[in-house]
Amino acid sequence: MAFDVRKIRKDFPVLDQTVNGYPLVYLDNAATTQKPTAVIEAVADFYKKKNANVHRGVHYLSNLSTDLYEQARKTVQHFINARHDYEIIFTRGTTESINLVATTFSQAFIKPGDEIIITVMDHHSNIVPWQQIAKRIGAKIKAVPVTDDYQLDFEAYTKLFSPKTKIVALLHVSNSLGTINPIKKFIDFAHERDVPVLIDAAQSIQHERIDVQELDCEFLAFSGHKIYAETGIGVLYGKEEWLDKLPPYQYGGDMIKDVTIEDTIFQDLPLKFEAGTNNYVGAYSLKAALDYVSQIGIEEIAKYEKHLLNYAIEKIQQIDGVTFYATKQDNKVSVLSFNIEGAHNYDVGMILDQMGVAVRTGKHCTHPLMYALKIPGTARASFAMYNTTEEIDQFIEAVKKAKQMLT
Ligand code: PMP
């Protein structure tokens, strides 16, 4: 299918509105994406015609709902090319997926004195769980530094390993900078030392083709809402042999085969990790979203977003006194982080909003990265497949106005 942004925009009803008298320009896609009608209607249709709790009934609706839940699992499996559908665990999102691995992996494998490798570029959701667990156990966190050109320092990474290294957890794409990290190289190096790797794909799943068998990572986490699905649904992929080795994360209904007052026999994968009533409607929305993305083609989307990014970089470069980060590299998704010299990013965001332009401001849940870059934060414009060059023009005009007003 040829990429037609005008047609795509019609699929996203929320975009068609004015804010403060200007057409809305939504450039906060790294925080969350808007939802296409295909997703909105799938959810409405589910509640109108299909709703019942999954895995629990013998009646028609329960069977239908269960089938659709399991179909959603298969859709995710194919989307990331997992070997088995039961290697897909539904969670609330990236944060819960990482907490699941951090908690259960540490119970099974991490002892006092052991080491965990993360990175300075990581989102707090891939720092705080490991850090807190390390504190509790008496393990040590080692973080890969960032180079002057906003890349992970691979040389430094190789030196962090020791016989005590138990796991590497790192992000694929930086939410603050857009940098695409060469994770295959990081994974291969860890594997040469028999160390498993978790990938935070929260910012790559919507921009890049992910093939977990090719990457060969042990775990991978992402959130539905960053790829056009509802909030409250996410995925943990894990290799079967690793998921089998981990204890359950939460206990309750649906994850058991049998229970006596004294003991419990747990379910096999994937239900062992899905205690309680899961967000099965969210899973259905994720299926609708992934089908929508697949119909357009992730490569087509990536190509178009790259075009938007290059257009925006070219325009913003022409404004004096605007510093932007990590724009020189090719390995970058459509995230543009910037500051206006002499102005606070928060004020910039407020003025842009006055002109209908939605960007994110602040430290973007990456305090360690901001400390390493020695900046208080940035304004961040992040583009999705439904944005246009006309919208970028409106954004650039708003940046010029903000500069005029604030400096
Ligand atoms: N990792 C990265 C790189 C992110 O950008 C985000 C969301 N901003 C998360 C993890 C956490 O995702 P969620 O809030 O959906 O759990």
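The values are calculated or read from the model by the stated rules, or taken from the named source; none is laboratory data. Keep in mind it's a predicted model, so treat the numbers as computed, not measured. Note: ideal-geometry Cβ built from the backbone for every residue, glycine included; neighbour counts use all protein chains shown. Quick note on the areas: whole protein, heavy atoms, side chains included, nothing else; ligands and nucleic acids left out. Shrake-Rupley method; radii C 1.70, N 1.55, O 1.52, S 1.80 Å.
The residue pairs whose first member lies in the range 309-322 and is closer than 15 Å to ALA379 by Cβ, whose second member is of a type in the set (Lys, Arg), and whose beta carbons are closer than 8 Å, counting only pairs six or more residues apart or on different chains, are ILE319/LYS400; ILE319/LYS403; GLY321/LYS403; VAL322/LYS403.
Within the range 111-125, the set of residues being open to solvent by less than 10 Å² (accessible area, probe 1.4 Å), in contact with a helix residue (DSSP H, G or I) (Cβ under 6 Å, 6 or more places away or on another chain) and within 13 Å of the ligand (Cβ to nearest atom) comprises ILE118, MET121.
Selection of the range 113-152 for residues being polar (S, T, N, Q) and closer than 19 Å to CYS365 by Cβ yields THR119, SER125, ASN126, GLN131, GLN132. For the range 176-187, does any single residue satisfy the condition of being open to solvent by less than 50 Å² (accessible area, probe 1.4 Å), out of contact with any Leu (no Cβ under 9 Å at 6 or more places or on another chain) and not aliphatic (A, V, I, L, M)? No, that holds for no residue. The number of residues in the range 129-145 that are within 16 Å of the ligand (Cβ to nearest atom), under 25 Å from LYS332 (Cα atoms) and open to solvent by 40 Å² or more (accessible area, probe 1.4 Å) comes to 1.
Which of the strands (runs of 3 or more DSSP E) found entirely inside the range 190-304 contain at least 2 residues meeting this: open to solvent by less than 40 Å² (accessible area, probe 1.4 Å) and among the aliphatic types (A, V, I, L, M)? Hits in the range 190-304: 197-200, 219-223, 234-238. Checking THR37, THR33, THR91, THR75 one by one, the residue that is under 27 Å from LEU336 (Cα atoms) and either among the hydroxyl-bearing types (Ser, Thr, Tyr) or surrounded by fewer than 17 Cβ atoms within 10 Å (Cβ to Cβ) (or both) is THR33 and no other.
Taking only pairs six or more apart or across chains, which ones have beta-carbon atoms under 6 Å, a first residue in the range 59-87 that is under 21 Å from THR277 (Cβ atoms), and a second residue that is open to solvent by less than 50 Å² (accessible area, probe 1.4 Å) and of a type in the set (S, T, N, Q)? Every condition considered, the pairs that remain are ASP85/GLN77. The residue that is nearest to the ligand (Cβ to nearest atom), counting only those in the range 95-110 that are open to solvent by 10 Å² or more (accessible area, probe 1.4 Å) and assigned to a helix (DSSP H, G or I), is THR95.
Of all the numbered requirements in (1) open to solvent by 60 Å² or more (accessible area, probe 1.4 Å); (2) under 21 Å from ASP200 (Cα atoms); (3) outside any loop (DSSP other than H, G, I, E, B), ASP353 misses one, and that requirement is (2).
Only residues that are surrounded by fewer than 18 Cβ atoms within 10 Å (Cβ to Cβ) and polar (S, T, N, Q) were counted in the range 146-173, giving 3.
Listed here are the residues, each with its yes/no results for (1) within 16 Å of the ligand (Cβ to nearest atom); (2) over 18 Å from ALA30 (Cα atoms).
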site: ILE127; (1), (2): yes, yes
site: THR147; (1), (2): no, yes
site: ASN175; (1), (2): yes, no
site: GLN203; (1), (2): yes, no
site: GLU218; (1), (2): no, yes
site: ALA221; (1), (2): yes, no
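For LEU15, are the conditions met, namely being within 16 Å of the ligand (Cβ to nearest atom), open to solvent by less than 30 Å² (accessible area, probe 1.4 Å) and either farther than 30 Å from GLN250 by Cα or among the hydroxyl-bearing types (Ser, Thr, Tyr) (or both)? So LEU15 fails the test.
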